[in-house]
1. Would you pick out the residues in the range 1-10 that are more than 9 Å from the ligand (Cβ to nearest atom) and over 17 Å from W61 (Cβ atoms)?
2. Does at least one position in the range 16-38 carry a residue that is within 15 Å of the ligand (Cβ to nearest atom), in a loop (DSSP other than H, G, I, E, B) and more than 17 Å from the chain's Cα centre (by Cα)?
3. Scan the range 39-64 for residues that are out of contact with any Gly (no Cβ under 7 Å at 6 or more places or on another chain), of a type outside the set (D, E, K, R) and either within 18 Å of Y19 (Cβ to Cβ) or part of a strand (DSSP E or B) (or both) and jot them down.
4. Looking only at the range 79-109, how many residues end up being under 22 Å from the mean Cα position of the chain (by Cα) and charged (D, E, K, R)?
5. I'd like the full set of residues that are within 9 Å of the ligand (Cβ to nearest atom) and either in a loop (DSSP other than H, G, I, E, B) or aliphatic (A, V, I, L, M) (or both), limited to the range 217-249.
6. Would you mind stating whether D75 is surrounded by fewer than 20 Cβ atoms within 10 Å (Cβ to Cβ), within 11 Å of the ligand (Cβ to nearest atom) and not aromatic (F, W, Y)?
7. Quick one: in the range 221-259, which of the residues that are out of contact with any Leu (no Cβ under 8 Å at 6 or more places or on another chain) and charged (D, E, K, R) is farthest from E67 (Cα to Cα)?
8. Among the residues of the range 197-216, how many are more than 9 Å from the ligand (Cβ to nearest atom), of a type in the set (A, V, I, L, M, F, W, C) and part of a helix (DSSP H, G or I)?
Amino acid sequence: MRTRFAPSPTGPLHLGHAYAAILAHDMARQSGGEFLLRIEDIDQSRARPEWEEAILDDLHWLGLSWETPVLRQSDNLSAYASALDTLWAGDLLYPCSCTRRDIEAALIAPQEDASVTGPDGPVYPGTCRGRHCGGLPCSLMPRPEDRHLRLDIGAALGYLDHRVDAPDHGSCGLAFLETGPAHAGDVFTSGNDFETRIGDVVLARRDMETSYHLSVVIDDAAQGITHVTRGDDLFAATAIHVLLQRLLGLSTPIYHHHRLIRDAAGKRLAKRDDARSIGKYRDEGASPADIRAMVGL
Ligand code: GLU
């Protein structure tokens, strides 16, 4: 068993992160496996070395230990570029110039269906979908106004359906589970919700040359992660990750989606909620055992 914790150094570690990290760590330790750490710093406009330092310090303080070296995503951009090339050659990507405002405007146009929220916000209405390059070698984002590379979900599902060597891909539909632990196998059980509830997600942004979805899939495979523990809020994202693994011929880890840690008002914790940061609790004299107790471990 090999598990990981993959924080983004864009803010302090809070109780929700501590819960995910401790779960993954303990799961590995209890089975004699390995626990890895990965710094997810592809968004260089928000990542800060001082947050990375503070996160490592909090994790050490919590009593966690991990294998070295620690993978930093900003050092791995060539691996993401090569995955994009593979998807591009399969004619599964297209360049997109839509701004957030363009998407919102398209979604309120009378001919469009009511907007649905997917894992990354409103489901993309497909405005730029006609801009495939037929997999021909060409610049991935040819026009200066191109902002993103999107995965054509319909083409991706068709590609898997027509690939004779696709192992056990089933119908590639998507069953949403509301809460609780889920196995990746549950993600692809029935229906065609994928196109309507997830849509053509962004796989690369011009300013970071990759995306969370692409990088996390490449790195979990590169690091040989067998079990991923993450919050219930990432359940729809997991569906994208399983789809990408199938498209790229990567193996799928077992996903355990855990409950979210909420504040007293029931609101899920966010990085900006400094009040719940581990550093704050440490300053107030809490012990690592207190933190475990606070998250119900
Ligand atoms: N960097 C992501 C986060 O902090 C990792 C989530 C995951 O893939 O498990 O939310």
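1. M1, R2, T3
2. So far as the range 16-38 goes, no, none of its residues is within 15 Å of the ligand (Cβ to nearest atom), in a loop (DSSP other than H, G, I, E, B) and more than 17 Å from the chain's Cα centre (by Cα).
3. The answer is I39, I55, L56, L59, H60, W61, L62, G63, L64.
4. Here the count works out to 2.
5. If the condition is that a residue be within 9 Å of the ligand (Cβ to nearest atom) and either in a loop (DSSP other than H, G, I, E, B) or aliphatic (A, V, I, L, M) (or both), then V228, L234, A237 are the ones that fit.
6. No.
7. My answer is R259.
8. Count: 2.
A short reminder: the numbers here are calculations on the coordinates, not readings from a lab. Values in this document were obtained by computation on a predicted structure and should not be read as measured data. Counting neighbours? That spans all protein chains shown, and the Cβs are built from the backbone with ideal geometry, glycine included.
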